[in-house]
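Worksheet for the structure shown next.
The values are calculated or read from the model by the stated rules, or taken from the named source; none is laboratory data. Keep in mind it's a predicted model, so treat the numbers as computed, not measured. Note: ideal-geometry Cβ built from the backbone for every residue, glycine included; neighbour counts use all protein chains shown. Ligands, DNA and RNA are excluded from the accessible area calculation, which covers all protein heavy atoms including side chains. Shrake-Rupley method; radii C 1.70, N 1.55, O 1.52, S 1.80 Å.
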Amino acid sequence: MIIIKNFINGEMVDPVDGDWVDNYEPATGKVYSKIPASNSKDVERAVEAAKNAFAEWSEWRLEDRSRVLLRLSELIDENLEILAKAESRDNGKPLWLAKSVDIPRARDNFSFFATGIRHFASESHRTSDHIINYTTRKPIGVAGCISPWNLPLYLFSWKVAPALAAGNTVVAKPSEVTPMSAYLLSELINQAGIPKGVFNIVHGLGGDVGMAIVEHPDVPLISFTGGTVTGATIARTAAPMFKKLSLELGGKNPNLIFDDCNFEKALKTTLNSSFANQGQICLCGSRIYVQRGIYEKFRDAFVEKVSKMKVGNPADDDSRLGAIVSKPHFEKVKSYIQLAQEEGGKILTGGVEVKMDGEFSEGWYLRPTIIEGLNESCRTNQEEIFGPVVTIQPFDTEEEAIRLANSTGYGLAATVWTESINRAHRVSDKLKSGIVWVNCWLVRDLRTPFGGVKNSGVGREGGWEALRFFTEPKNICIKYD
Ligand code: NAD
């Protein structure tokens, strides 16, 4: 049994009250580790350490902050195999995916912001002959970073890296569902040369640890990625305290596939955009709208390919999908498949559990599922399912496609498939979405603004946006003779 510890002030420590919660392996459905069930006392210790470390860290030369963060990035790379295995075991995602996407991206997040901070500049405005305004951007203090379970180390580092690079100290909380890679990362922090207290990790339940971070008066900025309902709770608490807030929330992303698309490319990528990571990526397209002229051809080819996707042991190289992350989430996804049928949906493929043998017989596996025959306003098409379940529906005109795409309360990402450059621009412009991919999906350039509109969040991560979030601007206006 692996016992996970908190990482506070440069040391691995037990939770103050000595309480623990079980951590499950999705592939087997069995408990394989214990994580601290920390509470506000542990958060207090972490915030105290981070506060004490802030004065020194925020004054470190940029080059030195950059150097230790680059070292942490290298250490992630050197431990890629171990971290990927841990991530796959903890989350249920295929090992090949953790090796090729999750851990390399965590490495790159640290190197990107470690180097980015050395190029980050603020503005100066010459107002008139004898007046100049210039803006300073300074680190703010202790940053609270709270992340979800779907891309554990990838999203954890996506917040922590810019927060630290900008000169803040951090109290971070990974998801209690997938704590392992953050725990392994904590073993690398001292090795990288990051001073004690600069980067603290507290494990535990959201309502206890996450809330204690959000409520803490000495944590002036909160960067959160997770569900929309949790985001609203955090906003309710943090807003009256006037904290700086970045909220990256849920999605219900549309894929618009036009008659004039490159059919084979659209088909191939839609398999991924629907079911990568068991459909548990906030950017997965879960509503597929196909123009009438190719609807049947696309649907039939899609169903055929999806029905052949292998669901299996995450450690096997040929498993296209692994296990669903947790029992409660497994039950939630299944309840949506049930709901879809009650709403009149027809299951074209999937819709059932996969029963595995031997040690995997208690794991949580679902066949990738395609549902047809639902209108856009039903709950299945309005609510985030966040699993291997997509709906498919035809449309006739471009206007109708745009209306359908914009018909939910979410607005995170959208995908458009067309060979017409004019249509690509026209449609992209009209989509109410933070991100639009045309003829591709999940192509990520870390310099671009990342985030959603409507119920998908407030604020943007990535590039200068992240460094601006993690710094406080001050305008200084000087009149001189
Ligand atoms: P969640 O909201 O349940 O939990 C996210 C994190 O918040 C966890 O660490 C959790 O412990 C913590 N938390 C829970 N309640 C809290 C509270 N009251 N106060 C403070 N912290 C609390 O989300 P999840 O189930 O872990 O993740 C899935 C969700 O995340 C989906 O909705 C998905 O779309 C979203 N997501 C969004 C993005 C994005 O970039 N927009 C990326 C990945 C996932």
Subset of the range 189-228, residues within 7 Å of the ligand (Cβ to nearest atom), assigned to a helix (DSSP H, G or I) and open to solvent by 20 Å² or more (accessible area, probe 1.4 Å), comes to GLY206, GLY207, MET211, THR228
Within the range 137-159, the count of residues that are more than 10 Å from the ligand (Cβ to nearest atom), touching a Pro at 6+ places or on another chain (Cβ under 8 Å), not in a strand (DSSP E or B) and not aliphatic (A, V, I, L, M) comes to 1
When every residue in the range 229-245 that is touching a helix residue (DSSP H, G or I) at 6+ places or on another chain (Cβ under 7 Å) and either of a type in the set (Asp, Glu) or near the ligand (Cβ under 10 Å from one of its atoms) (or both) is compared, the one farthest from GLY434 (Cα to Cα) is THR237
Those residues of the range 410-443 which are over 26 Å from ALA301 (Cβ atoms), in contact (Cβ under 8 Å) with a residue 24 or more places away in the chain and open to solvent by 30 Å² or more (accessible area, probe 1.4 Å) amount to TYR410, ARG426, LYS430, LYS432
Is it the case, given these coordinates, that ALA27 is in the same structural domain as GLU215 (by TED's automatic domain parsing), touching a helix residue (DSSP H, G or I) at 6+ places or on another chain (Cβ under 9 Å), part of a helix (DSSP H, G or I) and modelled with pLDDT of 95 or more?
no
Going through (1) more than 30 Å from LYS297 (Cα to Cα); (2) open to solvent by less than 20 Å² (accessible area, probe 1.4 Å) one by one, LEU245 fails only at (2)
If you go through LEU75, LEU70, LEU62, LEU80, the only one that is surrounded by fewer than 22 Cβ atoms within 10 Å (Cβ to Cβ), among the hydrophobic types (A, V, I, L, M, F, W, C) and more than 24 Å from the chain's Cα centre (by Cα) is LEU62
Restricted to the range 30-48 and to residues being β-branched (Val, Ile, Thr) and either touching a Ser or Thr at 6+ places or on another chain (Cβ under 8 Å) or not in a helix (DSSP H, G or I) (or both), the residue nearest to CYS145 (Cα to Cα) is ILE35
Checked GLY312, GLY250 against criteria (away from the ligand (no atom under 13 Å from the Cβ) and open to solvent by less than 30 Å² (accessible area, probe 1.4 Å)); the one match is GLY312
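Per-residue answers, yes or no, for (1) assigned to a helix (DSSP H, G or I); (2) open to solvent by 20 Å² or more (accessible area, probe 1.4 Å); (3) closer than 22 Å to THR408 by Cβ; (4) within 16 Å of the ligand (Cβ to nearest atom):
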residue: ASP259; (1), (2), (3), (4): no, yes, no, no
residue: GLU264; (1), (2), (3), (4): yes, yes, no, no
residue: THR269; (1), (2), (3), (4): yes, yes, yes, no
residue: PHE275; (1), (2), (3), (4): yes, no, yes, yes
residue: LEU283; (1), (2), (3), (4): no, no, yes, yes
